[in-house]
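The structure appears right after this line, and notes come after that.
The values are calculated or read from the model by the stated rules, or taken from the named source; none is laboratory data. A quick note: this is a predicted structure, and the numbers were derived from the prediction, not measured. A quick note on method: Cβ atoms are made from the backbone with ideal geometry, for glycine too, and the neighbour counts reach across all protein chains shown. Surface areas here come from the heavy atoms of the whole protein model, side chains and all, with no ligands, DNA or RNA. Shrake-Rupley method; radii C 1.70, N 1.55, O 1.52, S 1.80 Å.
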Amino acid sequence: MSSSSPSLAVVGARVVPVEGEVIEDGTVLVREGRIAAVGPRTEVDLPDGVEVVDAAGGWLLPGLIDAHVHLGVWEEGEGWAGVDGNEATDPVMAAARAIDAINPREQGFDDALGAGVTTVNVNPGSANPIGGQAVALKTYGRYVDEMVLRNPSGVKAALGENPKRVYGDQQKTPSTRLGVALVLRKAFAAARSYQARQAASETPVDTDLVSEILVQVLEREIPWRQHCHRADDIATAIRLSEEFGYRLVLDHGTEAYLLADVVAEHDIPVLYGPMIVSRSKVEVRNRTPRAPGILDRAGVAVSIITDHPVVPIDHLITQVALAVREGMDRDAALRSVTINPARVLGVEERVGSLAVGKDADLAWWSGDPLDLQSRVLRTWIDGVEVYTYDQEAGTGSVRPR
């Protein structure tokens, strides 16, 4: 998103850079959509003509990041017409791209801005053993292509109940957990073969879109985003990643806390959530809000996710507060929705903390964001104000797209 605003300075807030010490009475200076300075108000010189926003009494944080959502591919209140997350006609849909199904004018994107969420990772669903390519986006824009941070940002895959139920109901492979693992192995074996043919051939090899993207996974260019809940499925995910050598990320990881030491030893990030939902199926019956804290203390890089619309995206911070209440360190909890997911998505050079040179994606909170009585007063993306809360009227508004 290109910035059309003049220079901006947010002054007087309690500035929480995430990577670095909290700055009381701090200033963040923005030029041309990027952060130009971060520091105490007395140490940051403001250029002539800068727009000054007095945020005294508030908190200023980087825009939050939700690394696992279905925004725009599962549109709320649309019924079948807005459901585009699963192409459940073939268990291997690695070539399918979430970006092709995203409606950026879905209400959830506005809800994200009102909650200070400025970056999301939109995934395909979990009906297929291999569901397709995810995309990392900013949450403001007229059309999806101008919102993209990284595409693809990973390949979504699924173990456990979902794929075995979907294809079992169709009386097709896979209908069991061992069948799901077999589908993954066969797809990666085919991709290895394709990779070898490409390397050995002096003439172009016929394009195979599935193997093309799986080769990128094998070459560790993009992560393998493995939907799994139960500890046995997590063990299978680790086993497969060791067999094929790709970068594994555990999405959901409901029972990852039962294997926290193993997950930490393998240096596997966990995107934990959704947290404030019912125990809707067998494999999530051991869900607990204590899990993020357990994982963090074991040395696992934890991100907290909503899986929107499973949990509405404006409750991302609610889940973070719940994790802190149940024992997670508050600084680690803030990292779980800022720099940690930025690293998983491979966009940490642009977002995830307040640092010079990064995108000016900012959220001004009325108070401590972990106090559920606090609210977002303004949200900026690339230095442009995209959400404003009118305290007199008690309503928020989003900049026209």
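Over the chain, what is the percentage of antiparallel beta bridges among all DSSP beta bridges, to the nearest 5? Display every interim value, and only then the final one.
Values: 40 of 67 bridges.
Counting only bridges with both partners in the chain, antiparallel ones make up about 60 percent.
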**Request:** Enter the Cα centre distance for the pair region 161-223 and region 303-377, rounded to the nearest angstrom.
**Result:** 34
**Request:** Could you state the accessible area per residue of region 1-89 in Å², with a 1.4 Å probe and every protein chain left in place?
**Result:** 47
**Request:** Could you list which residues have their amide H under 5 Å from that of Val117, counting only those 5 or more apart in sequence or on another chain, with H placed in the peptide plane?
**Result:** Leu64
**Item:** Hz values of 3J(HN,Hα) by residue in region 345-350 - Karplus curve (6.51, -1.76, 1.60), Gly and Pro given as x
**Value:** 7, x, 10, 5, 6, 10
**Asked** Applying 1/(1 + (r/R0)^6) with R0 = 22 Å to the Cβ-Cβ distance of Ala190 and Asp232, what FRET efficiency is obtained, to the nearest 0.05?
**Response** 0.30
**Message:** Quick one: 3J(HN,Hα) in Hz for region 364-377, Karplus 6.51/-1.76/1.60 with θ = phi - 60°, rounded, Gly and Pro as x.
**Reply:** 9, 9, 5, x, 3, x, 7, 8, 5, 8, 7, 9, 7, 9
**Message:** So for the chain, if I pair up every lysine 8 or more residues apart or on another chain, how many of those pairs have alpha-carbons under 21 Å apart?
**Reply:** 10
**Point-to-point label distance, Gln198-Asp169, nm (Cα→Cβ direction, 7 Å offset)** = 3.5
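Report, in debye and to the nearest 20, how large the dipole of region 128-232 comes out about its Cα centre when Lys and Arg carry +1 and Asp and Glu carry -1 on their Cβ. Walk me through the intermediate numbers first.
Working: 15 positive and 11 negative charges, 97 e Å.
The calculated dipole for region 128-232 is roughly 460 debye.
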**Request:** Label region 298-371 by shape, choosing from rounded, prolate and oblate, from the square roots a ≥ b ≥ c of the eigenvalues of the Cα gyration tensor; if a/c is under 1.5 it is rounded, and otherwise prolate applies when a/b is larger than b/c, oblate when it is not.
**Result:** rounded
**Request:** Putting +1 on Lys and Arg Cβ atoms and -1 on Asp and Glu Cβ atoms, find which of Ala37, Gly79, Ala55 reaches farthest to the positive end of the dipole of region 1-108.
**Result:** Ala37
**Asked** Using modelled amide H (1.01 Å from N, peptide plane; none on Pro or chain starts), what sits under 5 Å from the amide H of Val73, excluding residues fewer than 5 places away?
**Response** Asn103
**Request:** With a/c under 1.5 counting as rounded, go ahead and sort region 160-306 into rounded, prolate or oblate using the C-alpha gyration tensor (a ≥ b ≥ c being the square roots of the eigenvalues; past the cut-off, prolate if a/b is larger than b/c, else oblate).
**Result:** oblate
**Request:** Could you go through region 32-38 in sequence order and give the Karplus-derived ³J(HN,Hα) for each residue, using 6.51 cos²θ - 1.76 cosθ + 1.60 with θ = phi - 60°, rounded to whole Hz, and x for Gly and Pro?
**Result:** 6, x, 10, 6, 9, 7, 9
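Using the heavy atoms of the protein chains alone and a 1.4 angstrom probe, what is the accessible area of region 144-240 per residue in square angstrom? Intermediate results must be reported in sequence, preceding the final value.
Values: 4460 Å² over 97 residues.
That works out to 46 Å² for each residue.
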**Item:** Stokes-Einstein D for the chain, Kirkwood Rh over Cα pairs, 10 °C, 1.306 mPa s (µm²/s)
**Value:** 73
**Prompt:** Taking a probe of 1.4 Å, how large is the accessible area per residue of region 300-394, in Å²?
**Reply:** 35
**Asked** If amide H atoms are built 1.01 Å from N in the plane of the peptide, which residues on other chains or at least 5 residues away come under 5 Å of the amide H of Ser303?
**Response** Val270, Leu271, Tyr272
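Could you put Glu326, Glu75, Glu265 in order of accessible surface area, largest first, with the 1.4 Å probe and the full protein assembly present?
On the way: Glu326 60, Glu75 35, Glu265 145 Å².
The most accessible residue leads, giving Glu265, Glu326, Glu75.
Given a 1.4 angstrom probe, I'd like the percentage of the accessible area of region 235-303 that is carbon and sulfur, rounded to a whole number.
Values: 1290 of 2780 Å².
For region 235-303, the apolar C and S fraction of the accessible surface comes to 46 percent.
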